[in-house]
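Worksheet: one structure, shown below.
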Amino acid sequence: MAYGWVPEGVDITVPDASRVYDYALGGVHNFAVDRDFWHRAEAAFPEAGLVARTNRAFLGRAVRWLAEAGVRQFLDIGSGIPTLGNVHEVAQEANPAARVMYVDIDPIAVQQSRSLLADNPYARVIEGDLRDPETILYHPDVLQLLDFAEPVAVLTVAVLHFVPDSADPAGIMKRLGDAMVSGSYLVVSHLGPEVTPAGRELQERARKLYERTPTPVVIRDAAEVTELIGSDFEIVPPGVVGAADWHPDPDEADDPPQPTALVAVARKR
Ligand SMILES: C[S@@+](CC[C@H](N)C(=O)[O-])C[C@H]1O[C@@H](n2cnc3c(N)ncnc32)[C@H](O)[C@@H]1O
């Protein structure tokens with residue numbers, strides 16, 4: 001079956017990380033294979049939907065926090081298929097001239113972002129791979145939109161857990177950090193281990209399901225996430241915490257802690 005909105009060459013017979021996440025958040029840019037995969041992941045690990053929503057809520061709060069702190073430029077790597085609370089919407093609500101560059105490896109995410117941003121002079125998208133940071137940093141569209149002589153917030157939200165140790169994620173983060181001036185920020189959200197043995201067992205079942213997709217996931221703990229951020233950055237309070245615990249909105253404060261997505265915001269020294 002042909003779908004007008006699917007770019008040529010996209011394989012819709014295997015689940016894709018961006019489409020699965022889109023479905024988890026209630027989006028429509030996904031296929032039966034993605035939905036079936038998500039249902040299996042949720043059956044294995046019932047917290048999965050909560051993790052996705054909590055991660056997305058953290059992204060919005062972090063961008064708002066940064067925009068209110070005066071950050072005017074955002075480089076969102078692994079940005080996903082546009083959905084509720086996109087980075088440019090949150091950032092430009094705080095500052096209409098905030099610049100947002102989206103990057104994703106998935107052509108569907110790129111195409112959907114491109115059509116959403118058609119009339120937005122300060123937000124753009126490119127196809128790019130986090131594992132090859134220079135092709136992002138030196139992409140002509142990126143250099144045209146962002147000024148690396150000024151602070152930039154680089155977002156790696158729910159994407160680093162798709163980068164295995166063999167691809168040297170710490171080295172990738174260091175190379176990104178080297179391009180950023182003092183006062184720039186890194187935003188990280190990463191799958192972390194469940195706190196209870198029973199929770200870890202369920203999480204492990206879901207992780208094993210991802211092993212059979214083109215994008216297996218790696219679970220890293222707080223110490224490992226801190227290492228990925230590296231010593232060129234100072235992690236701002238409250239530190240590396242569960243997504244729900246990072247500057248929760250007052251009406252979220254009573255939610256039980258959900259440590260599965262570990263998050264942090266860090267400032268370049
Ligand atoms: C779970 S979604 C997260 C979307 C968004 N950042 C959020 O947190 O709401 C992960 C995204 O990362 C993208 N991705 C995975 N590996 C990537 C890579 N090596 N380079 C760029 N994007 C990647 C996927 O295509 C997907 O859209």
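Tabulated data
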read-out: Candidate set from the range 87-126 (those that are surrounded by fewer than 17 Cβ atoms within 10 Å (Cβ to Cβ) and outside any helix (DSSP H, G or I)); member that is nearest to the ligand (Cβ to nearest atom); value: ASN120
read-out: Residues being in contact (Cβ under 8 Å) with a residue 12 or more places away in the chain, under 25 Å from ILE219 (Cβ atoms), surrounded by fewer than 20 Cβ atoms within 10 Å (Cβ to Cβ) and more than 13 Å from the ligand (Cβ to nearest atom) - total across the range 160-189; value: 4
read-out: Residue list for the range 137-159, filter: crowded, with 23+ Cβ neighbours inside 10 Å and touching a helix residue (DSSP H, G or I) at 6+ places or on another chain (Cβ under 9 Å); value: ALA153, VAL154, LEU155, THR156, VAL157, ALA158, VAL159
read-out: Lone qualifier among ARG19, ARG56, ARG61, ARG40 - being open to solvent by 80 Å² or more (accessible area, probe 1.4 Å) and modelled with pLDDT of 95 or more; value: ARG40
read-out: Tabulated pairs, the range 190-208, first open to solvent by 90 Å² or more (accessible area, probe 1.4 Å), second of a type in the set (Gly, Ala, Ser), C-beta under 7 angstrom, 6+ apart or interchain; value: ARG205/ALA44
read-out: Residue within the range 17-26 that is more than 10 Å from the ligand (Cβ to nearest atom), within 14 Å of THR215 (Cβ to Cβ) and part of a helix (DSSP H, G or I) present; value: no
read-out: Which listed residue is over 13 Å from the mean Cα position of the chain (by Cα) and open to solvent by less than 10 Å² (accessible area, probe 1.4 Å), from LEU66, LEU75, LEU50; value: LEU66
read-out: Flag if SER184 is of a type in the set (Ser, Thr, Tyr) and under 18 Å from the mean Cα position of the chain (by Cα); value: yes
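The values are calculated or read from the model by the stated rules, or taken from the named source; none is laboratory data. Everything numeric here is computed off the predicted structure, so don't read it as measured data. Glycine also receives a Cβ, built like all others from the backbone with ideal geometry; neighbour counts cover every protein chain displayed. In case anyone asks, the SASA skips ligands and DNA or RNA and just uses the protein heavy atoms, side chains included. Shrake-Rupley method; radii C 1.70, N 1.55, O 1.52, S 1.80 Å.
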